[in-house]
Amino acid sequence: ALIITDECINCDVCEPLCPNDAIYVGELIYEIDPALCTECVGHFDEPQCSLFCPVPDCIPKDPNYLETPAQLLLKFERITQTK
Ligand code: SF4
Ligand code: SF4
């Protein structure tokens, strides 16, 4: 999963781009639900949020949720099954 750092300027670019609805408005900044973020695996070649976020390096990989491409694909399959 990716994580939004406190560099976030609350511009709202990322939220509508997420194919998994993993991004939400947190207490101070936008946040990512790691249970829903597949790093866009299954939908796009690149993570859409970090691709279009205007702040450089604002959305890195979450060090607490480092996942392999295979794990991300499994998560994608799990999420789309329950939809
Ligand atoms: Fe959503 Fe993709 Fe960003 Fe994860 S990487 S929060 S799935 S847009
Ligand atoms: Fe924050 Fe970047 Fe999302 Fe804008 S696109 S709300 S700066 S994380």
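Every number here is computed from the coordinates shown, using simple stated rules; none is lab data. All figures in this text were calculated on a predicted structure; none of them were measured in a lab. Neighbour counts run over all protein chains shown; Cβ positions are idealised from the backbone, glycine included.
Values for this structure:
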read-out	value
First in region 26-41 and assigned to a loop (DSSP other than H, G, I, E, B), second anywhere and hydroxyl-bearing (Ser, Thr, Tyr), Cβ under 6 Å, 6 or more apart	Pro34/Tyr65
Top-ranked residue of region 1-25 - restricted to ones that are of a type in the set (A, V, I, L, M), in contact (Cβ under 8 Å) with a residue 24 or more places away in the chain and under 20 Å from Lys75 (Cβ atoms), ranked as farthest from ligand 2 (Cβ to nearest atom)	Ala1
Members of region 1-35 that are within 7 Å of ligand 1 (Cβ to nearest atom) and among the hydrophobic types (A, V, I, L, M, F, W, C)	Ala1, Leu2, Cys14, Leu17, Cys18, Ala22, Ile23, Ile32
Residues of region 42-83 that turn out to be in a loop (DSSP other than H, G, I, E, B) and among the β-branched types (Val, Ile, Thr), as a count	3
Where Leu74 falls short, out of the listed (1) loosely packed, with under 12 Cβ neighbours inside 10 Å; (2) on the phi < 0 side of the Ramachandran plot; (3) more than 12 Å from ligand 1 (Cβ to nearest atom)	(1)
Residue match in region 10-18 (condition: in contact with a Phe, Trp or Tyr (Cβ under 9 Å, 6 or more places away or on another chain), hydrophobic (A, V, I, L, M, F, W, C), surrounded by 19 or more Cβ atoms within 10 Å (Cβ to Cβ) and in a loop (DSSP other than H, G, I, E, B))	yes
Pair list, Cβ under 6 Å, 6 or more apart: region 56-83 residue over 14 Å from Ala35 (Cα atoms), other residue outside any loop (DSSP other than H, G, I, E, B)	Ile59/Leu2; Ile59/Cys49; Ile59/Ser50
